[in-house]
């Protein structure tokens, strides 16, 4: 069973950062200096996904402007992908952001994940671009 909760304790936030490190730095080769930023300890709302109590996914959002929640750092470890963890994380973050006043969601999707976000109602905006050495596309949808 997938459980998603807000990462409020320092231990939960550390679990989110460890999962992101595993996916982005170790698996995808993102430079460590590009993975963690000031939002992690300041204004990001972190979500932690667990299967049978074991952390397996993490994501966050920030408000990039009033009413606009930017979903970021969606990371699901490889051995549980395609089991609904990403969908559960995204739904949780969207609901939490709506509760806090979001009227629009934005994100930068790795191009291979574009179909995942399209199935969740996001539309691509503009051309592909590079972020941390990985092709991305900007996407958004109304909240």
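Each value in this text was obtained by applying a stated rule to the coordinates, not by laboratory testing. Quick caveat: nothing in here was measured; it's all calculated off a predicted structure. Here the Cβ is made from the backbone with ideal geometry for all residues, glycine too, and neighbour counts use every protein chain on show.
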_DSSP bridge pairs, the chain: antiparallel proportion in percent, nearest 5_ = 90
*Got the relative contact order for the chain handy, in percent, Cα pairs under 8 Å and 6 or more residues apart?*
21
*What FRET efficiency do you get for residue 34 and residue 104 if R0 is 30 Å and r is their Cβ-Cβ distance, rounded to the nearest 0.05?*
0.75
_Give me the extension gain from residue 128 to residue 82: residue separation times 0.36 nm, minus the current Cα-Cα distance, reported in nm with one decimal._
14.1 nm
*Three principal axis extents, largest first, for the C-alpha atoms of the chain, in Å?*
37, 34, 31
*Do you know the relative contact order of region 6-80, to the nearest whole percent, from alpha carbon pairs under 8 angstrom that are 6+ apart?*
32
